[in-house]
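Okay, so here's the structure we're looking at.
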Amino acid sequence: MKNISSSFLKYILGASCFFISFGSVAQKTSKDSIDYKVNLLLQKMTLEEKVGQMNQYNGFWEVTGPAPKEGNAKLKYEHLKMGWVGSVLNVKGTENVRKLQEIVVKESRLGIPLLFGFDVIHGHKTLSPIPLGEAASWDLVAIEKSARVAAIEASAVGINWTFAPMVDISRDARWGRVMEGAGEDPYLGSKIGVARVKGFQGDDLSANNTIAATAKHFAAYGFAESGKDYNTVDVGTSTLYNIIFPPFKAVVENDVKTVMNSFNVINGIPSTANKFLQRDILKGKWGFKGFVISDWGSGMEMVDHGFAKDLTEAAELSANAGSDMDMESYAYITHLKALVESGKVRMSVIDDAVKRILTVKFELGLFDDPYKYCDAKREKELIYHPDHQAAALDMAKKSIVLLKNSNDLLPLKKSQKKIAVIGALANDKNSPLGSWRIGSDDSSAVSFLEGFKKYTTNYKYAKGADLITEPATFINELKINETDISGFNEAIQLAKQSEVVIMVLGEHGFQSGEGRSRAKIDLPGVQQQLLEAIYKVNKNIVLVLMNGRPLAIPWADKNIPAILETWQLGSQTGNAIAQVLFGDYNPGGKLPMTFPKSVGQVPIYYNHYSTGRPGPKPEVFWSHYGDESTKPLYPFGYGLSYTKFEYSNLTITAAEQATIKVSVMVKNTGKIAGEEVTQLYIHDKVASVVRPIKELKGFKKFMLNPGESKVVEFVLTEAELGFYNNEGVFTVEAGDFDVMVGTNSEQGLSGKLSIK
Ligand code: BGC
């Protein structure tokens, strides 16, 4: 605590020095520069107007959390006019946006335009797969494009700021928000986070089709204890620096404009009031120039956490800790002015926050044209544009992971006769859109059946059983069908008469996402029972899974010959799956998160430390379970193809100082072309802080024709070979490393390297 406060003091001193010397800086700065303009504007602002910039109100639409009943708790016309609002969220549509923007621009004293924030998570109207699904593509170009499309559609409806990407690493499949991230690995997560930021923000943030991105939730929200959303987080320094921070640091280095803090306490301090995170690390060590937005009401929730005694103290603690804009706590707009007047919050803290917010507004070009995102014609032209649908289809196909394919049951022949399709999800146009798609239209996905019937008429469909018993909404708890098996008989009869059965099973799209943790991560409801009942009469089953998190499906893995992981693939779901089932697209996705055998193994992840008793041993005294394997069902990085890849010739050579080249030969030994993701893992064998048994440090995705070979090369530098010690200092230590290059985190060729 002492350390934190003393470095905070340094920060504050630094900040005040800056403002004291501002006059001379301004003289040297060009009059066209954003800095100059921001400072000029700041000088004209009253304290009340400054606090107004730090305030964000919910506009319309359903809330994702409780809204306060007291204080200035409502977006009012007067507030906009008085300059009390810096941003609104959940307002969309060019007409609505223009209306609000006009009030502030024309009627407030300084006419500072609003930021319009929105959760554009995996598309706006046209939806890509859920982010966890996209991550399974390991295709950074496609992922960047997907975010680009999302930004084009969102900006066309007036939105200029998205609360994405979520770059929280998570190892807990019970946590519903794993659907929104890139999985369990910090290296892959960093690359994907950067691709998404680039996609949203583009090369020119002032263009009318690029929007500011948000890296969230800073920090450690994905480490909620027992996977229960909003729960306590206790993490050690090594995990914080080496697993949780890297994706945030990577996107900060790539100019992400905003960072959102998080609901959780981390080691006893709520993130929103966490000086260590926001002042020392983010704005201090990493030099983040953008601004921090709180999470929804995370300021006021500090009262429930037992950290702030009331909303006034919540405002004081958050502002001083570096949370620049208050989303839906109404703490700043209600109390910040008085806190400054009483000396509890310094004016330099306010000025720093406002400067950051105004800078983003200038960078977006809002001062040049506040209505640049309000072109109704553009809105009409771009929503659901065919190019966006094509990109969504491409992304959807790339996200599919083939988990099992015994006896090459897949792909199906287009001439295949007598196919049974079973499962409620096959006929669902809503669930495949996944969670977090608040801008989209309900039931706008191409369902499994709609895509399937474009390929064949030789099929019959039986639902078997409902997955849910009441229509699903974003807010309410889902009602899962746990009892009604009245449709089983029809499905069983159909399966009996069929040559092959496709069972479309899994989770509803609203079983993952915010507030959607699960304690059981198997097939929900009566679906496992249905699967086993069908298996009794026909073993020729292709299981098409739809889910927003890793599932524990050991029975299916043991018994079902072919399993296809399709997550929730968004608008183009049915078309993408059909192309894969019938072999028009060869699946090449790889799991971004470990699939457990049972929920009791969770958190299970590939990059764990060794214990002192790794085993296996004949007696019980080693690190294991008596009733379950220590192995996952499917490891991180795993995924099959309709073709086969063979690895040979692993070569490791020292190149320039502290640079090592690793190469491997990969050959397509099958009969059709396919894409492979070659993965490079290292293990630092002895270090001053123990290192994981394996760490991903490189991957390459490429296509090979049948019989074709390719030498795949990687370069390892200090950035890959080093780690953060427990003082948060990046170090590279001399010593020996194991290297593995292969097709997933468990299978590959092994070698060694040493650094002197
Ligand atoms: C979520 C954020 C989201 C915000 C605004 C919160 O409940 O945690 O990720 O951006 O709501 O909708």
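The values are calculated or read from the model by the stated rules, or taken from the named source; none is laboratory data. The model shown is predicted, which means the values in this text are computed figures rather than measured ones. Cβ atoms come from the backbone with ideal geometry, glycine included; neighbour counts cover every protein chain shown. Just so you know, the surface numbers come from the protein's heavy atoms only, side chains and all, with ligands and any DNA or RNA stripped out. Shrake-Rupley method; radii C 1.70, N 1.55, O 1.52, S 1.80 Å.
Results, tabulated for the structure shown:
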| quantity | calculated |
| --- | --- |
| Selected from Ala321, Ser663, Phe245, residue furthest toward positive end of dipole (the chain; charges at beta carbon) | Ser663 |
| Rounded to 5, percent antiparallel among DSSP beta bridges of the chain | 55 percent |
| Solvent exposure, largest accessible area first (probe 1.4 Å, DNA, RNA and ligands not counted), of Asp324, Asp255 | Asp255, Asp324 |
| With Cα atoms, 0 to 90° folded angle of helix 186-201 axis to the chain main axis | 60 degrees |
| Cα centroid of region 608-676 to Cα centroid of region 158-196, whole Å | 24 Å |
| Using a Förster distance of 30 Å, the FRET efficiency for Lys414-Ser486 (Cβ separation, nearest 0.05) | 0.30 |
| Computed over the chain: relative contact order in percent, which uses C-alpha pairs under 8 Å that are six or more apart | 13 percent |
| Nearest-0.05 FRET efficiency for Lys536 and Tyr384, computed from C-beta distance (R0 45 Å) | 0.55 |
| Extension gain from Lys520 to Asn427, taking 0.36 nm per residue of separation minus the Cα-Cα distance | 31.0 nm |
| Whole-number accessible area per residue in Å² for region 6-379, which is evaluated in the context of all protein chains at 1.4 Å | 33 Å² |
| Rg followed by Dmax, in Å, when region 533-630 is reduced to its Cα trace | 17.6, 53 |
| Exceeding the 20 Å Cα-Cα cut-off - candidates Lys216/Lys285; Lys453/Lys590; Lys92/Lys397; Lys145/Lys377; Lys417/Lys496; Lys283/Lys337 | Lys453/Lys590; Lys92/Lys397; Lys145/Lys377; Lys283/Lys337 |
| Computed over region 703-756: relative contact order in percent, which uses C-alpha pairs under 8 Å that are six or more apart | 23 percent |
| Contact order relative to length of region 645-755, as percent, for alpha carbon pairs under 8 angstrom and 6 or more apart | 31 percent |
| 19 Å cut-off, amide nitrogen to a point 7 angstrom out along Lys454 Cα→Cβ, residues in region 381-397 | 384-397 |
| Where Lys361, Lys198 fall by accessible area, highest first, once all protein chains stay in place (1.4 Å) | Lys198, Lys361 |
| With DNA, RNA and ligands ignored, accessible area of Thr94 (1.4 Å probe; Å², nearest 10) | 10 Å² |
| On Cα atoms only, tilt of 331-341 relative to the major axis of the chain in degrees | 30 degrees |
| Degrees separating the helix 386-399 axis from the principal Cα axis of the chain, which is the longest one | 60 degrees |
| With all protein chains modelled, accessible area of Tyr625 [1.4 Å, Å²] | 90 Å² |
| Set of aspartates and glutamates with alpha-carbon distance to Lys539 below 16 Å, sequence-local pairs under 8 removed | Asp408, Glu499, Asp557 |
| For region 135-174: rounded, prolate or oblate by the Cα gyration tensor [a/c cutoff 1.5] | oblate |
| Proximal lysines to Lys631, defined as alpha-carbon separation beneath 16 angstrom and excluding residues fewer than eight positions away on the same chain | Lys558, Lys597, Lys617, Lys694 |
| Per-residue SASA entry for Tyr77, accessible area with 1.4 Å probe, Å² rounded to 10 | 100 Å² |
| Accessible surface ranking that places the most exposed of Tyr230, Tyr221, Tyr642 first, with a 1.4 angstrom probe | Tyr230, Tyr642, Tyr221 |
| Nitroxide proxy distance, nm - points 7 Å out along Cα→Cβ at Ile475 and Asp369 | 3.7 nm |
| Centre separation in Å (Cα based) which lies between region 127-143 and region 284-343 | 34 Å |
| Fully extended contour minus Cα-Cα distance, from Lys228 to Asn254, at 0.36 nm per residue | 6.2 nm |
| Whether the chain is rounded, prolate or oblate, judged on the alpha carbon gyration tensor where a/c under 1.5 counts as rounded | prolate |
| Helical contribution to [θ] at 222 nm, DSSP H n ≥ 4, -39,500 (n - 2.57), averaged over the chain, rounded to 500 | -8000 deg cm²/dmol |
| The chain - percent of accessible surface contributed by carbon and sulfur, probe 1.4 Å | 51 percent |
| Calculated FRET value between Met347 and Leu40, using beta carbons and R₀ = 22 Å, to 0.05 | 0.80 |
| Contour excess over end-to-end distance, with Cα ends at Tyr77 and Val732 and 0.36 nm allotted per residue | 230.1 nm |
| Unit charges on C-beta of K, R, D, E only; dipole of region 6-379, Debye | 780 debye |
| Shape call, region 399-601: gyration tensor on alpha carbons, a/c limit 1.5 | rounded |
| Cα centre as origin, Lys/Arg/Asp/Glu Cβ charges: region 645-755 dipole, Debye | 340 debye |
